[in-house]
1. Give the lysines reachable from LYS613 as a straight Cα distance under 28 Å; neighbours fewer than 8 places away on the same chain don't count.
2. With a 10 Å radius around each residue's Cβ, average the other Cβ atoms per peptide and rank 569-580, 596-607, 87-98, 228-239, highest first.
3. Put +1 on the Cβ of every Lys and Arg and -1 on every Asp and Glu Cβ in the chain; which of MET192, ILE259, ILE467 then has its Cα farthest towards the positive end of the dipole?
4. Would you grab the residues whose amide H sits under 5 Å from the one on ALA558? Only those 5+ places off in sequence or on another chain, please, with H modelled 1.01 Å from N.
5. Aspartates and glutamates near LYS574 by alpha-carbon distance under 15 Å, same-chain residues fewer than 8 away left out - which ones?
6. Heavy atoms only, probe 1.4 Å: what % of the accessible area of the chain goes to carbon and sulfur, would you let me know?
7. Sum -39500 (n - 2.57) across every DSSP H segment of at least 4 residues in the chain, then divide by the residue count to get the 222 nm mean residue ellipticity, nearest 500.
8. For the stretch 136-148, what does the Karplus curve 6.51 cos²θ - 1.76 cosθ + 1.60, with θ = phi - 60°, yield as ³J(HN,Hα) per residue in whole Hz, taken in order and with x for Gly and Pro?
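The values are calculated or read from the model by the stated rules, or taken from the named source; none is laboratory data. Predicted model only: the values in this text are computed from it and were never measured. Note: ideal-geometry Cβ built from the backbone for every residue, glycine included; neighbour counts use all protein chains shown. Quick note on the areas: whole protein, heavy atoms, side chains included, nothing else; ligands and nucleic acids left out. Shrake-Rupley method; radii C 1.70, N 1.55, O 1.52, S 1.80 Å.
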Amino acid sequence: MLQLIRNVLWVGSLFCVLKMDAVLKSQCERWLRLDRNPATRGAVAALLSSASSGGADGPIRRSSEAALRSMFGSKLEFGTAGLRGRMGPGTARMNDVTVIQAAQGVAKYLTLRHRGATGPTATTSAPPPPSSRPPPAVVIGYDGRHNSQRFAELSANVFVDWGLKVYMFPSTTPTPFVPFAIRRLSLDAGIMVTASHNPKQDNGYKVYAANGAQIIAPIDSAIAEAIDQEADHIAESAWADASSWPAGKVVVLPSATVIEPYFDSLRRMHCAPLTPPVSSTPPPLRIVYTAMHGVGGPWTRRAVCDTLGFPSSHFFIVERQFLPDPEFSTVTFPNPEEGKESLDLALQHAKQTDSHLILANDPDADRLAAAERGGSASPDWKVFTGDELGALLGWWCFGRAKLSGIPPSRMVMLSSAVSSSFLATMARAEGFHHETTLTGFKWMGSRSAEILAANSSRNAADAREVIFAFEEAIGFMCGSRVLDKDGVTAAAVLAQLAVAVYARGSTLAATLSQLYERYGYHGTNNSYVVSPSPQTTVALFADLSDHHPSTVAGVRVADIRELVKRGTDSRNMKLNGGRATLPMSKASPMITYYFANGVTLTLRGSGTEPKIKWYSEVVAAPRSAAAGTNDASAGDGSSSSVVAHRKAALVEFVSRAVDELLQPTSRKLKPRASL
């Protein structure tokens, strides 16, 4: 009897395997019916042939089937403002088919909204009949990655088929130019083909709404539904060459339409009439700039030198990284957020030119990193964290807004839930408004759009001005010209700040210390581990959500904010029954621990990378951060010694807490240092 049961189970399992193989084969064949790209078609056809022939358990067959499962075993989900993933054939990859399907979903959503529908409910795949109203209009930009221009042109094909008006940038462009164009031209949507700072094998598809911010719910789910409805209906015209576009259907944007207004508005908002051009007094400052093989090079140089007037003789570029290079040939990770590891060539060039400051954009120029040379006592370079740059830029934008006559009661600043609370502290001291959003500029941009839209119901004297927003991942929004992070503008504003502090004999690091003395030390320690699979990440956060420890690393847990399953915050028990004020995000689960020692630690699953990130902060009162501290263990009692002591204590505690909570060894999480 036992042997009979075993035989039945074996036959059943064999049937499941064969059934799974049939499903996989069907998925591949469906794909081949849709794809017209000879490279990706050929790859799938070859693997399918290998997986369907040979011995039932042959190594070639198993290898081919495993490769097909990695391509078709999941679906590249539309979320986090669009798509992002590894390029290659299959439903789990970025390729011509997934891009065309995404474009069809965007086109259908815009078309139905244009008709007055509330969401994609039609089942027909045919583009709608002409309307007497002007058609929806979309702008498309793309970076310098492999296939980015092709993906942009395929999207234009789809939009033309659906009767949309299409605007295209004439060549590679920084990401922030797309949301600027949406608001400048009053468009209905924008597409940016980019994977930002991801590895060279990746690409992405970022979607912006009519308000100029990245899409959020319910737009993202409506587009995702429309993508699924149209997935099996790809017209031959979607594969057309760009030369076949009907006259007037795709407008290549002339410089005067978007580029010149972008820089004119930068000059008005951040230079004249508050100060003369910075070049009127040659600064005792030399800057090295790197575009990190991306698209920001000529535009950031124009912003800093031509628009704000920094002398080009003091602005040195890293030539080997200045122009777009899809191979990112001089860096392991094209991400300036990685610190000195990614700034090696810039540091070498700074030494050669005796420069004081390094500015670095990421490949799509929506982020900004900065490093500053220490003085004679400490000649090493300080790479600023995103939180530190957020404090400096927020303070500078606040001062500039005051000089322009905006009272603090009308100013608004925003930061994400995982960023430093410095702006919130500063807001309490200075009287401006501060708001916290979920992680990501799609939330800060959307909230900024709501604040600006609400001004229509306010008196002019009460109108709110969004003067600054930031996230710790070196993303900064200086003003409301662009409702997204903008590394080009941020570079110019930080250069202007640096000129001002160097002109009075100070430095950015010294200015940051002065801000800590005035508003209190805000020390942060952030990093990440790489998860082996999405399932691991899901299981980890489910476990954290279900089990709330009373102590971690020997320190009492005072409160917990859980944005995974329940959306609770124990700090709010007396206010609203413990409900969290921030919403939950399926794409990015998050849980925050508030410890009795004053440390805040947030664990979050990344929505765009296979990372589990952590963010920690400790805040000291202003007098504790200054030289007069009573902390006997803080070294020699100087301000720098106190900061160093508190930072070391934070790092040591967080290291133990993260190890206890994440259990990286048993879960096979790969630490950042080993990558």
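1. Result set, ordered by chain and number: LYS75, LYS200, LYS206, LYS340, LYS382, LYS442, LYS485, LYS565, LYS586, LYS647, LYS668, LYS670.
2. Values: 569-580: 13.6, 596-607: 19.2, 87-98: 22.8, 228-239: 15.9.
In decreasing order of mean packing, 569-580, 596-607, 87-98, 228-239 become 87-98, 596-607, 228-239, 569-580.
3. Result: ILE467, furthest along the dipole toward the positive end.
4. Result for ALA558 returns TYR594, PHE595, ALA596.
5. Correct list for LYS574: ASP559.
6. Details: 15660 of 28300 Å².
About 55 percent, which is the carbon plus sulfur part of the accessible surface.
7. Details: 20 runs with 261 residues, N = 675.
Mean residue ellipticity at 222 nm (helix-derived): -12500 deg cm²/dmol.
8. Values per residue, Gly and Pro as x: x, 10, 10, 10, 10, x, 8, 9, x, 6, 4, 6, 4 Hz.
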